[in-house]
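One structure below.
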Amino acid sequence: MGPDVAGGLAALGPTRWVTWSARDLAPLLAAGAALPRTWDVAEAHRLLHGGWRADPATAWAHARGLDPGALPAPVGDDLFAALSEDGDPDDLVRPDGYLRADAGAVWAGDSLARGLAWGRAALEVTRWQQERLERLGPRAVVTAHAESAAAVLAVELERDGLPVDRAALEELVRQAAGPRPLTEADEARTRAERDAPVLASVPGIGRVDLRNPAAVRSLLATAGVDVPSTRKSVLAEHVHRHPVVPALLEWRRRERIATTYGWRWLAEHVGADDRLRGAWTACDGAAGRMTAQAGLHNLPAELRPGVAAAAGHVLVRADLGQVEPRVLAVVSGDEAFAAASTAADLYEPVAQRLGVERPVAKIAVLAAMYGQRSGAAGEALRGLERAYPVAMGHLDRAQREGEGGRPVRTFGGRLVRTAFGAVGPGEDPGPLIRSRGRFARNAVIQGSAAELFKAWAVTVREAVRPLGGQVVLCLHDELLVHVPQEHGEEVARLVDESLRLSARRWCGHDRVRFVSDTSVVRRWSEAK
DNA sequence: GATACGGGCGCC
DNA sequence: AAAGGGCGCCCGTATC
């Protein structure tokens, strides 16, 4: 018996539903409920406090001003033990003020009073969260709404899956990994066939385990190729030195498909309805991007032709252009940089102002946001600091906060903790401090971009619903919408309009331009 | 047998 | 001297 959904919800006003977590809404969503507006206590908690842990007891402790580090020990999954906790089973709050450890769910067999208490507790936390977010600024509340909707979208993405052309996908896998193995012996044979060209390229080496980097390194040494590691970028420099190197690179490509995106992956993640499904989260534990499992976020480009609309449908594919520098213009409030964003290609005016070629400007801007100091970007970076001191100052400030182990906040108010890692006694703290600084410098951009993206995605979700459209993939700056083919062009228009609306709402103004490359396609691989 | 970690690499 | 951020996933090794 599953949790009673009604117990996890309480109406807040006529239109926004409060939930401890969008996960609890899965049964309603499975039944086709639209749920356009929610307040997700867990997502609001993550926004306010950072990190990923956001269970009801933790959120409750914060709302009540109790030490969240001293939470009563959870009872675990044993319901009978849980139910044996002392006191009135309908009173979910302990005498010391903490939420009872067994309050993690309300079950269909529980009393109405218990369900209502569960809902009231969520409402109490919600009111406290709203008040705290308002103090952070109007954008934080807007962001909490978008993050709440994104959590619902994550449940829908899991429910709906990504449409694939099974035959095409199987053919792509076959080309790289060989035919579908029916027995273990089959599998061993195709494995040996993949290995053979590499092993044959260096005579007289006997048995070498290509899956062991150390063994590969000594194999390369035997062939006269001395490398510090066997990474692709390192090997690429030696590609003409010996045939073993290109053979190895080709082996890696095929091995990756065979192991990660091969027959087992197809069997485990592609359903009988030709949908590829994996678990989704609305935000990771770091800067707040969405995450996806089952390869949905890192599907190799060569498999993407296998992602295709179902019969009678099309995919509307939309990519945000240069989203990170545009977000930098917003979060820093740098008016000169904002002015550059009015160009369809932001790097053009930046290059002009710096007096450098466009590729140099691009590298410099990216280096500034990633915290890179080395390489060709150095000179142009100093130019950036002169031309856009407000934007660069914002990044530098974030970096200093990170170096000090202090948290930073994204534009929408998400707390990003930087006090991670530790140095052992006698160890040089320098690398850790620097990595915290780079992380923070990037997090204010990456995290803010994630907020804008999610605000866009959930706006699209609502806009396309009347046309039978489904958001089927969110990829950091790219959206795929699956829609009946007669509505393809209209949905493309709605996607672009949603970007203008959500960007203006999230920024609070429209001085920074955001652009989308939007097209109607049959296969994911067709556009761009 | 389960877990943790690093090398490596796919995507953004 | 310095060595770009995030995620998920595979494999191998080392460890309990």
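Below are the figures for this structure:
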{"quantity": "Cβ-Cβ under 8 Å pairs, at least 6 apart or on other chains, the range A:492-514 side not assigned by TED's automatic domain parsing to the domain that holds residue A:335, far side open to solvent by 70 Å² or more (accessible area, probe 1.4 Å) and part of a helix (DSSP H, G or I)", "calculated": "A:506/A:139; A:508/A:138; A:508/A:139; A:510/A:500; A:510/A:504; A:511/A:335; A:514/A:500"}
{"quantity": "Unique residue being acidic (Asp, Glu), modelled with pLDDT under 95 and more than 14 Å from DNA strand C (Cβ to nearest atom) when the list is A:335, A:357", "calculated": "A:357"}
{"quantity": "Which listed residue, of A:187, A:147, A:134, A:171, is open to solvent by less than 60 Å² (accessible area, probe 1.4 Å) and either of a type in the set (Gly, Ala, Ser) or at negative phi (or both)", "calculated": "A:147"}
{"quantity": "Residue within the range A:291-313 that is under 20 Å from the mean Cα position of the chain (by Cα), more than 15 Å from DNA strand C (Cβ to nearest atom) and among the aliphatic types (A, V, I, L, M) present", "calculated": "yes"}
{"quantity": "Test: residue in the range A:375-397 that is in a loop (DSSP other than H, G, I, E, B), within 16 Å of DNA strand C (Cβ to nearest atom) and farther than 24 Å from residue A:514 by Cα", "calculated": "yes"}
{"quantity": "Matching residues in the range A:493-516 - criterion: being open to solvent by less than 60 Å² (accessible area, probe 1.4 Å) and assigned to a helix (DSSP H, G or I)", "calculated": "A:494, A:495, A:496, A:498, A:499, A:502, A:503, A:506, A:507"}
{"quantity": "Residue in the range A:412-421 that is farthest from DNA strand C (Cβ to nearest atom), counting only those that are of a type outside the set (A, V, I, L, M), under 17 Å from residue A:439 (Cβ atoms) and buried (at least 18 other Cβ atoms within 10 Å of the Cβ)", "calculated": "A:414"}
{"quantity": "Residues located in the range A:422-435, provided they are within 11 Å of residue A:405 (Cβ to Cβ) and open to solvent by less than 40 Å² (accessible area, probe 1.4 Å)", "calculated": "A:432"}
{"quantity": "Counted residues, the range A:465-494 - those being more than 16 Å from DNA strand B (Cβ to nearest atom) and farther than 16 Å from residue A:159 by Cβ", "calculated": "14"}
{"quantity": "Hits in the range A:269-290 (condition: within 14 Å of DNA strand C (Cβ to nearest atom) and not in a loop (DSSP other than H, G, I, E, B))", "calculated": "A:269, A:270, A:276, A:280, A:281"}
{"quantity": "Residue match in the range A:422-430 (condition: more than 15 Å from DNA strand B (Cβ to nearest atom) and not in a loop (DSSP other than H, G, I, E, B))", "calculated": "yes"}
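So that you can scan it fast, the table gives a plain yes or no per residue for (1) buried (at least 18 other Cβ atoms within 10 Å of the Cβ); (2) in contact with a Leu (Cβ under 8 Å, 6 or more places away or on another chain); (3) within 25 Å of residue A:139 (Cβ to Cβ); (4) touching a residue at least 24 places away in the same chain (Cβ under 8 Å):
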| site | (1), (2), (3), (4) |
| --- | --- |
| A:355 | no, no, no, yes |
| A:361 | yes, yes, no, no |
| A:367 | yes, yes, no, no |
| A:370 | no, no, yes, yes |
| A:373 | no, yes, no, no |
| A:384 | yes, yes, no, yes |
| A:390 | no, no, yes, yes |
| A:393 | no, no, yes, yes |
| A:397 | no, no, yes, no |
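The values are calculated or read from the model by the stated rules, or taken from the named source; none is laboratory data. Quick caveat, the model's predicted, so the values are computed rather than measured. For neighbour counting, all protein chains shown are included, and Cβ atoms are generated from backbone atoms with ideal geometry for every residue, glycine included. Remember, those area values only see protein heavy atoms, side chains included, never the ligands or the DNA or RNA. Shrake-Rupley method; radii C 1.70, N 1.55, O 1.52, S 1.80 Å.
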